[in-house]
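Notes follow once the structure below has been shown.
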Amino acid sequence: MPTISMFYGIIIRLFYFDSKKHHEPHIHVEYQEENAIISITSGEVIEGAIPNNKLRLVLAWIEIHKEELLADWKLALEGQPVFKIEGLK
């Protein structure tokens with residue numbers, strides 16, 4: 001599962017082999033010992049949980065980088081390498 005971004009102790013990964021489980025484009029988010037799967041298109045938490053203050057950061061990051069995330073998702077589904085995406089500063 002490639003890491004595509006890291007910021008403020010949050011790790012963002014794109015794992016597309018589980019697309020049968022989660023049909024919509026999504027990212028996997030890790031913060032300390034907590035994990036969440038978040039929809040790229042809606043920002044909905046599909047599974048898991050992370051602290052609210054970190055979730056707000058991730059949702060802002062998704063909004064800023066939505067086009068890049070969807071492009072990475074498409075590449076991943078086609079078996080192509082994905083690109084890193086700049087984190088929040």
Here the residues within segment 58-82 that are out of contact with any helix residue (DSSP H, G or I) (no Cβ under 7 Å at 6 or more places or on another chain), aliphatic (A, V, I, L, M) and surrounded by 19 or more Cβ atoms within 10 Å (Cβ to Cβ) are Val58, Ala76
Test: Leu70 is in a helix (DSSP H, G or I) and free of Cβ contacts under 8 Å to residues at least 24 places away in the same chain: no
Among the residues of segment 19-60, write down those that are in contact (Cβ under 8 Å) with a residue 12 or more places away in the chain and among the β-branched types (Val, Ile, Thr). Ile27, Val29, Ile37, Ile38, Ile40, Thr41, Ile46, Ile50, Val58
Can you pull out the residues in segment 44-54 that are touching a strand residue (DSSP E or B) at 6+ places or on another chain (Cβ under 7 Å) and either of a type in the set (S, T, N, Q) or in a helix (DSSP H, G or I) (or both)? Lys54
Search segment 1-23 for residues being surrounded by fewer than 13 Cβ atoms within 10 Å (Cβ to Cβ) and not aliphatic (A, V, I, L, M), and hand back the single one that is modelled with the highest pLDDT. Gly9
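The values are calculated or read from the model by the stated rules, or taken from the named source; none is laboratory data. If you're wondering where the values come from, they're calculated on a predicted model, not measured in any experiment. Methodologically, a virtual Cβ is constructed for each residue, glycine included, from the backbone with ideal geometry; neighbour enumeration extends over all protein chains shown.
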